[in-house]
Amino acid sequence: CHLIHYLRLSHHLIVLNYLICTFDKLKSVSSEDIKITDAVFDGVEVRVFEPPARGDESLKRSVVYIHGGGWALASARTSLYNNLCRIMAESLNAVVVSVEYRLVPEVYFPEQYHDALRATKHFLQPHVLAEYSVDPSRIAISGDSAGGNLAAAVCQQLSKDEDLTVRPKLQALIYPVLQAFDFNTPSYQQNMNMPVLPRYIMINYWIDYFNGNYDLAHALLINNHTALDVGQALSFRGRLNWTSLLPSSFKKNYQPVVQATGTAEIIQKIPALLDVRAVPLLADDETLWAQPKTYVLTCENDVLRDDGAMYAKRLENAGVDVTLDHFHDCFHGCMIFTVWPTDFSAGVQTRNSYIRWLDENL
C-alpha cells in the first residue's frame, strides 16, 4: 500500500480500504429477523437496523453507532459492523442507526465530525424518531476507536445545542481515541509496539485525519508539540495530567515525557491538535458536566487505554455517572472480531459486557 502511495498511483488508505472491503465480501452474515435499510440523513448515508414490531410495545429504544477505523478505514456496511449492529438490534430490541461518514482521504477533519453530527441531529428530530417508532427518552450514542472519538465529540456538541428538544440518554465509548496531546501516557509507552495498533500507526492516523505531513511524526511522538514553551498548549495541560487521572495500576513506574522546549510551529501547522472537536478529552469542565451517563470500555493491551480511563475520571470528577469497564486480557479493536475466521473470545467477552450495560441502562 505504501509503495503504491509512493509511486503516486493512489493513496495507500484507498488501497487498504479496498482490500478490506474485498476480503469482507467473502463473508456472509445473516440479518435473520432484523430489517436492514440504507437511508440518507441530512446528506449523510446511514444503515438502519430495525427489529420486528412486538405487540406489547409501541416505542423502541435506539443506538446511534459510529464505526471505527482511524477516520479512514472500514464502513457501516462491512460484515463486521453489520454483525455487531444486528446483534445489538436483536439483543436490545432497539433501532440501531450506523453512520456511514466520509473517510480520509476523500475528506479530512472536521468533515467526519460534521457528518456524524448532522446524521445524529437529523435522527433526533421528533418526526424522524416517530417514523422509526423510537422512544425519544431512550437513545444512546456510541462508537468504537475513531468512532468513539466522533461519538464523544458529537455528544459534547449536542449538550451545547439549545435548539435540540431531544438529547441522548447515554453515551457508550469503546476503546475511544480522545487526545493527541500526549503520545507518552503509560499505555502509549507500555503498548508502543503492540500489534493491531502500535503507537506510530496511531500517530499516522492523526496526521492523516488532519491532512498533515508525516515529517512531523517524530516530533509528535516525543511530545514536542506540547512542550512547556508552546504557549497554545499551556491552558490544556491541566486537563490531561495522567499522573492524577490514572489509577496506580495503570501508571505503574512510567514517567511523564514533558519537553522543556519544543516546536510551536507544529500547532501552527496543525491547529486541530488542540481542537476539542477532534480531541474531546481537552474539553472544559463545564462541557463535561453536561454529558449524559457514560460507559467507557478499555483494554489493557491498547495504546488508547489511558485515553478512555482519563476521560472516565474527568467525567466522574465533573459529576457524571460513569462506568469504566476495563479488560485486562483484551486488545484494541477486539469487539468487532466475533465472526469466523476472526471469532475471538475477547470479542465476545467485550461485546457481551457492552450490550449488557446498554440493556440495563438504556
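The values are calculated or read from the model by the stated rules, or taken from the named source; none is laboratory data. Here the structure is a predicted model, which is why all the values come from computation and not from measurement. A quick note on method: Cβ atoms are made from the backbone with ideal geometry, for glycine too, and the neighbour counts reach across all protein chains shown. The protein model used for the area step is the full one, side chains on, heavy atoms only, and it has no ligands, DNA or RNA in it. Shrake-Rupley method; radii C 1.70, N 1.55, O 1.52, S 1.80 Å.
Below, the figures for the structure above:
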item	result
Helices (runs of 4 or more DSSP H) within region 244-362 that include 1 or more residues of a type outside the set (Ser, Thr, Tyr), under 30 Å from ASN211 (Cα atoms) and out of contact with any strand residue (DSSP E or B) (no Cβ under 9 Å at 6 or more places or on another chain)	265-269, 285-289, 305-317
Residue satisfying all of: in region 332-362; surrounded by fewer than 18 Cβ atoms within 10 Å (Cβ to Cβ) and hydroxyl-bearing (Ser, Thr, Tyr); nearest to SER249 (Cα to Cα) among these	SER353
Criterion (crowded, with 19+ Cβ neighbours inside 10 Å and of a type outside the set (A, V, I, L, M)) met by exactly one of PRO247, PRO168, PRO195	PRO168
Region 212-239 - residue that is open to solvent by 60 Å² or more (accessible area, probe 1.4 Å) and small (Gly, Ala, Ser) and, of those, nearest to GLU265 (Cα to Cα)	SER235
Single residue of ASP329, ASP284 found to be closer than 26 Å to ILE139 by Cα and surrounded by fewer than 21 Cβ atoms within 10 Å (Cβ to Cβ)	ASP284
Residues of region 144-176 that turn out to be part of a loop (DSSP other than H, G, I, E, B) and under 21 Å from ALA119 (Cα atoms), as a count	11
Tally of residues being touching an Asp or Glu at 6+ places or on another chain (Cβ under 6 Å) and surrounded by fewer than 22 Cβ atoms within 10 Å (Cβ to Cβ) across region 287-326	3
Residue list for region 252-274, filter: under 23 Å from the mean Cα position of the chain (by Cα) and open to solvent by 40 Å² or more (accessible area, probe 1.4 Å)	PRO271
Scope region 201-232; condition touching a Leu at 6+ places or on another chain (Cβ under 9 Å) and modelled with pLDDT under 95; matching residues	GLN232
Residue identified as among the aromatic types (Phe, Trp, Tyr), within 17 Å of ALA72 (Cβ to Cβ) and open to solvent by 40 Å² or more (accessible area, probe 1.4 Å) among TYR200, TYR209	TYR200
Residue in region 202-222 that is nearest to TYR101 (Cα to Cα), counting only those that are without any contact (Cβ under 8 Å) to a residue 24 or more places away in the chain and either out of contact with any helix residue (DSSP H, G or I) (no Cβ under 8 Å at 6 or more places or on another chain) or among the charged types (D, E, K, R) (or both)	ASP215
